Amino acid sequence: MTLRLGRTVPRNPVALMHRMYKYVFPEVRDELKRWRHTADLIPDPELRRQALGSLTHKEFHCKGGAVYAAANLPIRHVLIPLIVAFQTISDYLDNLCDRSTSLDPEDFRLLHRSMLDAVDPEAPAADYYALRNERDDGGYLRELVQTCKSCIAKLPSYPLVQDGVKELVGLYGDLQVYKHIRHDLRERELLDWWEKHRPRFAHLRWNEFAAATGSTLGVFYLFLAAADNSLTASRVETIRQAYFPHVCGLHILLDYLIDQEEDLAGGDLNFCGYYEDGETTAQQIAHIAELARRDIARLEHPRFHRMIIEGLLALYLSDPKVREQEHVRHISRKLMKGSPLMRVFFFANSIWIRKSSD
C-alpha cells in the first residue's frame, strides 16, 4: 500500500513523537532483536563480536533513521526493515573498519561494496570478506543485503531514486575507505578526494564535505520518497540537493562533536578536530544548520524536515558525552542559545528516550 505523502506526514512535534513511541520505536526494537539473534550465530568470534557490538551500542542510529517511516505509516512495514537493515550494515562495517585487523583499503572497499549491492536490485552477491582473515559470518552480511533488496522491490518509485541513492552510498563508501587506512596516509587521501569534488561544493571546508558523505539521512529520505507512486524526477533532484551536503553535514558534524575525546583516545579521525578552536566550531556548525534550514524550505512538507534538523541538534546536544567534555559543553551552549520551542521539545524527549532505554 502506498500513499501520497501529503496525507500522512506529521505536522508537529507532538504528532511526530506520538508515532515514534507508538509505532516506530517498538518495530525498530523488534527488527534489532531479530538481527541480534542472527548475529549470535555468527561462527567467527571477531565478526560476531563486532556485529553484536554495533547492534548494542549503535541502536539509536536505527531509531533515529526510522523517523522517516513515521512520515508514511502505512508503508512502515517496508521502510522500517529497510532502514534498520541498511543502517545495521553501515554500523557493522564501521566497527569492522574502526577496530580492524586490516589496514588494506581494498579490503575496506570490498566490504562497503555490500552497501552498494544492497541498494542495487540487479547486483549479484559477492564475497565481501575475500580480502581479510575473518570470513565466516554464517551469511549475516548477505542476509542484511538481501533484506534491503527485498524491501526496495516493494517501493514503486525506486527506479527514480536509484541513481541518487547509489551516488550517496558511493560517497559514503569512499569516506570509509580513506578514513580507516594507515594514519599517515588517510589525511592526504581525504584531501585528494576532496579536490575532485571541490568545484561542486567550494563553499565548504574539506572536513565539512567529508562529514556530509558520512550521513545516511539522504538515503533514508530517498527510500521514503520512493514509496510515493506519484514521485517525479524533478522532485528527486530537489531532494538530493536539499539534503546533501548541508542536512547530511550537520548530522555528522554533530556526531563528531560529541565524540572528540572518544576518538582521540582511540586514535580515530575526527572532522571537528580540524577547526581552529571551539568558537569556530560553533560558528561553522551553526552556519551549516542555517543552510540546511534554507535548503529544506524547497521541499514538500518543509515542517517535517525542519523537525529533522531541530531533532538532530536536540539529540546530539542532549547526549551525556556533552557534559563530560568541557569544550564540547561550551560549544553546545552556544548552539542551544535561543533554541526554538521545537528543539527544546525534542531535547527533552531525547533525554527521556535515553533514560527509558537504560
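Ignoring ligands, DNA and RNA, how do Thr238, Thr101, Thr281 rank by accessible area with a 1.4 Å probe, largest first?
Thr101, Thr238, Thr281
Per residue, what volume in Å³ does the convex hull of the Cα atoms of region 54-116 enclose? Write out the running numbers ahead of the final one.
Details: hull volume 4.9 nm³, N = 63.
For region 54-116, the hull spanned by Cα atoms encloses 78 Å³ per residue.
Which chymotrypsin sites (Phe, Trp or Tyr not before Pro) does region 96-178 hold that lie in a coil by DSSP with at most 12 other beta carbons within 10 Å?
Within region 96-178, no chymotrypsin sites (Phe, Trp or Tyr not before Pro) qualify (loop, at most 12 other Cβ atoms within 10 Å).
How do Lys355, Lys63, Lys166 stack up against each other in accessible area, from largest to smallest, with a 1.4 angstrom probe?
Lys355, Lys166, Lys63
Going by amide H atoms built from the backbone, whose H comes under 5 Å of the H on Asp228, apart from near neighbours?
Ser157
Report the Stokes-Einstein translational diffusion coefficient (µm² s⁻¹, integer) for the chain, Rh taken as the Kirkwood radius over Cα pairs, at 20 °C with viscosity 1.002 mPa s. Write out the running numbers ahead of the final one.
Values: Rh = 20.6 Å.
Answer from the Stokes-Einstein relation: 104 µm²/s.
So what is the relative contact order of region 136-251, in percent, for Cα pairs below 8 Å that sit 6 or more residues apart?
37 percent
For the chain, set up a Gaussian network in which alpha carbons nearer than 10 Å are linked by springs, and say which option among Asp44, Asp319, Asp174 fluctuates the most.
Asp44
Looking at the chain, which longest stretch skips every one of the GluC sites (Glu not before Pro) that is in a DSSP loop with at most 16 other Cβ atoms within 10 Å, leaving the sites themselves out? Before the final figure, lay out the partial values.
Numbers: sites that count: Glu122, Glu276, Glu300, Glu324.
Counting only loop sites that pass the neighbour cut-off, the longest clear stretch is 123-275.
Below 8 Å, C-alpha to C-alpha, sequence gap of six or more: please give me the relative contact order for the chain in percent.
In percent, rounded to a whole number, it is 16.
Considering only the other residues whose Cβ falls under 10 Å of the Cβ of Phe209, what net charge follows from Lys and Arg at +1 and Asp and Glu at -1?
Residues near Phe209 contribute +2 overall.
Measure off 7 Å from each Cα along the Cα-to-Cβ vector at Leu73 and Glu167, then give the distance between these two points in nanometres to one decimal.
That separation, rounded to one decimal, is 3.4 nm.
Can you list the HN-Hα couplings for region 304-309, worked out from phi with the Karplus curve (6.51, -1.76, 1.60; θ = phi - 60°), rounded to whole Hz and with x for Gly and Pro?
Karplus-based 3J(HN,Hα) across region 304-309 equals 4, 6, 5, 5, 4, 5 Hz.
Enter the Cα centre distance for the pair region 203-282 and region 51-78, rounded to the nearest angstrom.
18 Å
Enter the mean projected area of the convex hull around the alpha-carbon atoms of region 115-208, in nm², rounded to one decimal.
On the way: hull surface 32.1 nm².
Spelled out: convex hull of the Cα atoms, projected over all directions, averaged, 8.0 nm².
Would you list His251, His203, His61 from the most to the least accessible area, probe 1.4 Å?
From most exposed to least exposed: His203, His61, His251.
Test of understanding: what is the full-extension gain from Leu191 to Ala348, defined as 0.36 nm times their sequence separation minus their Cα-Cα distance? Mind showing how you got there, number by number?
Numbers: separation 157, 0.36 × 157 = 56.52 nm, distance 3.87 nm.
Separation in residues times 0.36 nm, less the Cα-Cα distance, equals 52.6 nm.
With θ set to phi - 60°, apply the Karplus curve 6.51 cos²θ - 1.76 cosθ + 1.60 along region 330-340 and write out the HN-Hα couplings as whole Hz, x wherever there is a Gly or Pro.
Result, rounded to whole Hz: 5, 5, 4, 4, 5, 6, 8, 4, x, 4, x.
The values are calculated or read from the model by the stated rules, or taken from the named source; none is laboratory data. Worth saying up front: this structure is predicted, and the values here are computed from it rather than measured. Cβ: placed from backbone, ideal geometry, glycine included. Neighbour counts: every protein chain shown. Just so you know, the surface numbers come from the protein's heavy atoms only, side chains and all, with ligands and any DNA or RNA stripped out. Shrake-Rupley method; radii C 1.70, N 1.55, O 1.52, S 1.80 Å.
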